[in-house]
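Engineer: Take this structure, written in structure tokens, and hold onto it; I'll ask about it next.
The values are calculated or read from the model by the stated rules, or taken from the named source; none is laboratory data. Since the model is a prediction, treat every value here as computed from it, not as a measurement. Neighbour counts run over all protein chains shown; Cβ positions are idealised from the backbone, glycine included. Areas reflect the complete protein model, heavy atoms only, side chains present, ligands, DNA and RNA absent. Shrake-Rupley method; radii C 1.70, N 1.55, O 1.52, S 1.80 Å.
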Amino acid sequence: MMSSEHLTRGWLQQLLVVLLKLCLTFAGPLRPLNGTQCAAKGPASYILVFTGHWSPQAFPKQYPLFRPPAQWSKLIAVSHNRHFRLWEEGASASAGVQNFAELGVTVELMKAAKEARKSRSVGAMYRTAGIPNGIGHSSTELLMQPRNSLLSLMVKMIPSPDWFVGVDSLNLCEGNRWKQEVTIDLQPYDAGTDSGFTFSSPNFPTSPAENITKITSQMPNHPANSFYYPRLQELPPIASIKITRQSRSPDRQTPMSNHILPNSISPQRFSATPLDCEVSLWSSWGLCLGPCSRGGVRHRTRYILLRPANAGIPCPELEEQAECVPHSCMRLQ
């Protein structure tokens, strides 16, 4: 018979084998999420160009002209792997995303990215200067590594309650090759932390906070919303990014400066968005003036809430009159 010592040793060996398999399962190479694992042999250099298309022709409703005028904050970009998320549609905004979307403050965002960099979940962080107009460009050079082939970025809309545009986990690597060029049209997002409807709404915190959602031509479904264009199926792009791979030579070590726009990049032209006139509800009927029986009239009025633009539906009549109703009139003295 096998001694108890041999039985105990055999049981311990089996236990060690099981534990080793479990360790390899969780500590070994992770499965790629949506094909995010990059097998490229080396890094890739890109030039990222952000272009704002926020114009009064494309977005005429409540377009900010002053205090402050329409403009873009600095761009924040992070290269990372699938263990890090700068922001995500349908998820709640982090403290860093909230501070950036509401105030344009980058401290918390950069702090989270630097912390994730210790575990190699984040490769590098990039920033460009802001754009003082709704239409303009900013640019920067990216150096992407195979272990951090995903790119996320955010740009705040100024002024706005907590609105921004961005890209979430864009993979610049496809199998064992880096992509040569990527162009993406951007739409506005609501961080879900401020309940303002318009660009210049006062600070009105959302409690409890909601998830990050895309703003569309009909959502939020409220006429006061600055992006409410019920005649449009979708909003025109308010911004875009173009990422182009560059050939790197050993003698070229100086990164590309912000706002240096390649000659091959030209602003996109979009058709003007029609904006229909909006008027208030009718006021109550006034008292009748004139003879009570015949010839007397009464009036009611309404006023313009939003003037039309870009061949939108013109405003209707703002005053209406009707014949007096007997016993509901006032005799002139």
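Engineer: Does the range 47-54 include one or more residues that are at pLDDT 90 or above, out of contact with any strand residue (DSSP E or B) (no Cβ under 7 Å at 6 or more places or on another chain) and buried (at least 19 other Cβ atoms within 10 Å of the Cβ)?
Structural biologist: No.
Engineer: Six or more apart or on different chains, Cβ atoms under 9 Å: show the pairs whose first residue is in the range 64-77 and closer than 18 Å to Glu102 by Cβ and whose second is among the charged types (D, E, K, R) and surrounded by fewer than 24 Cβ atoms within 10 Å (Cβ to Cβ).
Structural biologist: Lys74/Arg127; Leu75/Arg127; Ile76/Arg127
Engineer: Related question: Could you check the range 103-113 and list, in sequence order, the residues that are surrounded by fewer than 18 Cβ atoms within 10 Å (Cβ to Cβ) and assigned to a helix (DSSP H, G or I)?
Structural biologist: Passing the criteria: Leu103, Val107, Glu108, Met110, Lys111.
Engineer: Exactly one condition in (1) farther than 22 Å from Ser240 by Cα; (2) touching a Ser or Thr at 6+ places or on another chain (Cβ under 7 Å); (3) of a type in the set (S, T, N, Q) is false for Ser92; which is it?
Structural biologist: In the conditions (1) farther than 22 Å from Ser240 by Cα; (2) touching a Ser or Thr at 6+ places or on another chain (Cβ under 7 Å); (3) of a type in the set (S, T, N, Q), Ser92 misses (2) alone.
Engineer: A further question follows. Quick one: in the range 170-197, of everything that is of a type in the set (Ser, Thr, Tyr) and in contact with a Phe, Trp or Tyr (Cβ under 9 Å, 6 or more places away or on another chain), which residue is nearest to Thr213 (Cα to Cα)?
Structural biologist: By that ranking, first place goes to Tyr189.
Engineer: Would you mind telling me which numbered condition in (1) touching a residue at least 24 places away in the same chain (Cβ under 8 Å); (2) more than 27 Å from Pro68 (Cβ to Cβ) Pro208 fails?
Structural biologist: Result: Pro208 passes all but (1).
Engineer: If only one of Val165, Val97, Val155, Val182 is touching a Pro at 6+ places or on another chain (Cβ under 9 Å) and within 30 Å of Gln218 (Cβ to Cβ), which one is it?
Structural biologist: The match here is Val165.
Engineer: So, in the range 183-205, of the ones that are β-branched (Val, Ile, Thr) and buried (at least 16 other Cβ atoms within 10 Å of the Cβ), which residue ends up nearest to Leu172 (Cα to Cα)?
Structural biologist: Checking each candidate, the answer is Thr193.
Residue-by-condition table, conditions (1) under 18 Å from Ser240 (Cα atoms); (2) in contact with a strand residue (DSSP E or B) (Cβ under 6 Å, 6 or more places away or on another chain); (3) open to solvent by 20 Å² or more (accessible area, probe 1.4 Å); (4) in contact (Cβ under 8 Å) with a residue 24 or more places away in the chain:
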position	(1), (2), (3), (4)
Asn81	no, yes, yes, yes
Glu115	no, no, yes, no
Tyr126	yes, yes, yes, yes
Leu143	no, yes, yes, yes
Ser160	no, no, no, yes
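Engineer: Any residue at all in the range 258-271 that is among the β-branched types (Val, Ile, Thr), at pLDDT below 80 and open to solvent by less than 50 Å² (accessible area, probe 1.4 Å)?
Structural biologist: Scanning the range 258-271, I find at least one residue that is among the β-branched types (Val, Ile, Thr), at pLDDT below 80 and open to solvent by less than 50 Å² (accessible area, probe 1.4 Å), so the answer is yes.
Engineer: Still on this model: Determine, yes or no, whether Leu153 is open to solvent by less than 20 Å² (accessible area, probe 1.4 Å), over 22 Å from Phe59 (Cα atoms), in contact with a strand residue (DSSP E or B) (Cβ under 7 Å, 6 or more places away or on another chain) and modelled with pLDDT of 90 or more.
Structural biologist: Yes.
Engineer: I'm checking my understanding of the structure. Among residues of the range 308-333 that are charged (D, E, K, R) and at pLDDT 80 or above, which one is nearest to the chain's Cα centre (by Cα)?
Structural biologist: My answer is Glu317.
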